[in-house]
Structures are given as C-alpha cells and as structure tokens.
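Student: Quick one: the structure is below, questions incoming.
Read-outs throughout are calculated quantities, based only on the coordinates presented, and are distinct from any laboratory measurement. Not measured: the values here are computed from a predicted model. Here the Cβ positions follow ideal geometry from the backbone for every residue, glycine too, while neighbour counts run over all protein chains shown.
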C-alpha cells in the first residue's frame, strides 16, 4: 500500500468529525467504574504492526497512535515494532516487548489465527491486548478497534455495479481478494460477494498472498491469456495496491480501462480515479481509529476497562468492539471526502499531469 506522501501531511491533518458522525461512526467507549491510578513514566505500550514497506501503518497509524498517547501520558513509552508481513517475527517481537515490560499490547496481526499465541503470551503475564484494525481469531482478546469491514466489501460491490450498469449482465469480471491470512480480507470478500453474486459473472478469482501488488499483477497476467474471447467488463480489487496491479496488467495486455474498485484512498489511486483508470476507492479515516486505540490503551494502563458500544464474534467469544464507518470515494466525491478532511492535499494530488484532471473535478 503506497503512502509515500502521507507522512508529509500528518501534522496538518484535520479530520471533519462532523462528517464521520454523519456517516454513523461508532467511536465512543464508556468507562466502566471509577478511574484507576494515573499512568506513570515507566508504563510501556507495545504497538505491533504488520507491514513496513510503503505501508499506511508505518506512515499514519503509528505516528497518530504515538502522538495521542503522548498527549494523554507524557511519560509513557510506545514500543513500536513492525513485522514486515512475517508472523513468526511478530511473535518474537511481542515476546521481546513483554520481556521489556509492556503493560498493554496493541496488535495488528500478520496472521489472524497464528496471532493467538501472542495473545496467550500476553495474558499469561496479565497484559491486555487490543486487536487493532485486524481481528485476532479463535483466541479471546480484550478489545477490537477497526472499521465495519464487511461494509467495505458492500460499498465496493455497489460502486462496481453502479459503474457497470447494463454491462454487468453481458460481461464478466476479474476478482482479486486480499491476503487469506488477514481476517479483514475475508470480511471484504464476504461483503463484496453478498453484493455481486448473481448480478455479475466472475471470470476468475484469486486471493493475494501478503496483499502483494506484485502477486496480484502476476496472477492477472497469468489469467488474462486464458480468457481470450471473453468480455472482461470490470475488476473487483480488494485494495488500491491490487487495483493498481490489475490496471497495469490490463494495460500490458493491451486492454482498455474498465471500472476497478479499490480501498485505502492512496494518493496514486486517487490520481488513477481522476485519470479514469480506477473507478473508486474506500476511505477509512485512520486518525480516529489510531487515536481511539491510544485512548483505550491509556485506560487499560490505569486499570480502567471501558464498556464498548458493540461486540464481534472472533470464534472464541464476543469481543468488545469499536467499529468505524468506511466511505466510498469516486471522482465526484474526492473533494468532499479526502480533500475536505485533509487526508490528502490538493498540492500532492494535483501535481504534474493531474493538474487539469483536478481542475475538471473541481479540486483547486
């Protein structure tokens, strides 16, 4: 996931909270019981993230989380680790963080099932675990903070059907899912199938190991020659990285632009949308997600266990959860969503060849 420009604009980002509220975002936790002791300077929170290279986690989640925790507890330490998509490495990082005195783990699992051993190791030391952005499966976890990920797939499906119109009944689509080890990818897939099954034919479908755009492009290049003579009218792509890969493979094969879905509102994807190469993306406001995780970690440091507004079944029971709403972004809504929130700046989006497309879309 490419967020090369995102780090530059972190300091100036101001989210439009009224927009989020209007979208039905559930992001409140209610403290249960009296306040505990104040968190002290020796308190450590381990932030265990899954990706490093060109990742939103590195560019956005980590700094937003650290900034908010610092505001709440100046003496607290964020022990930040990144597993680079290696589940075994993430387990070793978690053990090391616990050995160094982490009192709360905030964990985005590389592998949603294998991460259960991280939770077990933490609970053995009576250290609570917040499952952040991706849900740990089949092991009891203390809290879960993410987006309504089945809704992400539903939004993608609806947008693709809107873009296809009558072509949905006459052609076929390529279908590119995310990583099979990421529970979010499973939820995206479920939501998208619920919206598309029976309404459009699927020419070929594949999961994408490690969410790798290289893997997505290689699969698309392999499958296209087997589909000669069949009308490919669109692509369901689970995120912007796989969308860009599919578009590149289609162009290499000499095929024209068709509607392609995406997710994450990456700058490169927004530029493809302006250029007519990608139809839509899904915007997930990272800042409130990361800040809510920091606030919950701070509560847990003080022995406070807030009541969550929702629960999610992870296969081991109901997990207290906070689920935020995702938002569809198309060419017509870039200005009123990601630009309005400051998630991307006109200067970074409209540089060079995209200046005229921005003007046409009303982005100044």
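Student: For the Cα atoms of the chain, what angle does the longest principal axis make with the long axis of helix 87-99, in degrees from 0 to 90, nearest 10?
Tutor: 20
Student: Helix 149-164 against the longest principal axis of the chain: what's the angle in degrees, Cα atoms only, rounded to the nearest 10?
Tutor: That works out to roughly 10 degrees.
Student: I'm spelling it out carefully: the read-out is Rg and Dmax of the Cα atoms in Å, the candidates are (i) 20.7, 69; (ii) 27.2, 101; (iii) 42.0, 177, and one was derived from this structure. Which label?
Tutor: Of the labelled values, this structure produces (i).
Student: I've got another one for you. What FRET efficiency, computed as 1/(1 + (r/R0)^6) with R0 = 35 Å and r the Cβ-Cβ distance, is obtained for residue 251 and residue 340, rounded to the nearest 0.05?
Tutor: Working: r = 31 Å, r/R0 = 0.89.
E(calc), rounded to 0.05, equals 0.65.
Student: Quick check: the angle from helix 286-301's long axis to the longest principal axis of the chain, C-alpha only, nearest 10 degrees?
Tutor: Result, in degrees: 20.
Student: So how many Å³ per residue does the convex hull of the Cα atoms of the stretch 115-261 work out to? Present the calculation step by step, with values, prior to reporting the outcome.
Tutor: On the way: hull volume 15.3 nm³, N = 147.
It comes to 104 Å³ per residue, whole-number rounded.
Student: Follow-up question, since we're still on this one. Return the FRET efficiency for the residue pair residue 310, residue 330: r is the Cβ-Cβ distance, R0 is 30 Å, and the value is rounded to the nearest 0.05. The partial results should precede the final answer.
Tutor: Details: r = 28 Å, r/R0 = 0.94.
It comes out at approximately 0.60.
Student: So for the pair residue 123, residue 89, with labels modelled 7 Å out along Cα→Cβ, what separation do we get in nm?
Tutor: Inter-label distance under the simple model: 2.8 nm.
Student: So between residue 100 and residue 113, what do we pick up on full extension, going 0.36 nm a residue minus the alpha carbon distance?
Tutor: Working: separation 13, 0.36 × 13 = 4.68 nm, distance 2.47 nm.
Length difference between fully extended and current span is 2.2 nm.
Student: Moving on. Could you sort 349-355, 294-300, 214-220 so that the peptide with the highest average Cβ count within 10 Å comes first and the rest follow in order? List each step's numbers first, then the result.
Tutor: Working: 349-355: 15.3, 294-300: 23.6, 214-220: 20.1.
Going from most to least packed, we get 294-300, 214-220, 349-355.
Student: Restricting to the chain, compute how many DSSP beta bridges are antiparallel as a %, nearest 5. Write down the numbers at each step before the final one.
Tutor: Working: 9 of 41 bridges.
Restricted to the chain, the bridges split so that about 20 percent are antiparallel.
Student: Kindly rank 207-213, 91-97, 141-147, 221-227 from highest to lowest mean number of other beta carbons found within 10 Å of each residue.
Tutor: 141-147, 207-213, 91-97, 221-227
Student: Taking 25 °C and 0.890 mPa s as the conditions, I'd like the Stokes-Einstein D for the stretch 52-159 in µm²/s, using the Kirkwood hydrodynamic radius from alpha carbon pairs. Intermediate values should be presented prior to the final figure.
Tutor: Values: Rh = 14.9 Å.
Once the numbers are plugged in, D ends up at 165 µm²/s.
Student: Expressed in nm to one decimal, what extension gain is obtained for the pair residue 351 and residue 318 from 0.36 nm per residue of sequence separation less their Cα-Cα distance? Could the numbers behind the result be given before it?
Tutor: On the way: separation 33, 0.36 × 33 = 11.88 nm, distance 4.67 nm.
Separation in residues times 0.36 nm, less the Cα-Cα distance, equals 7.2 nm.
Student: Under a crude label model (7 Å from the Cα following the beta-carbon direction), how far is residue 230 from residue 275 in nanometres?
Tutor: 2.8
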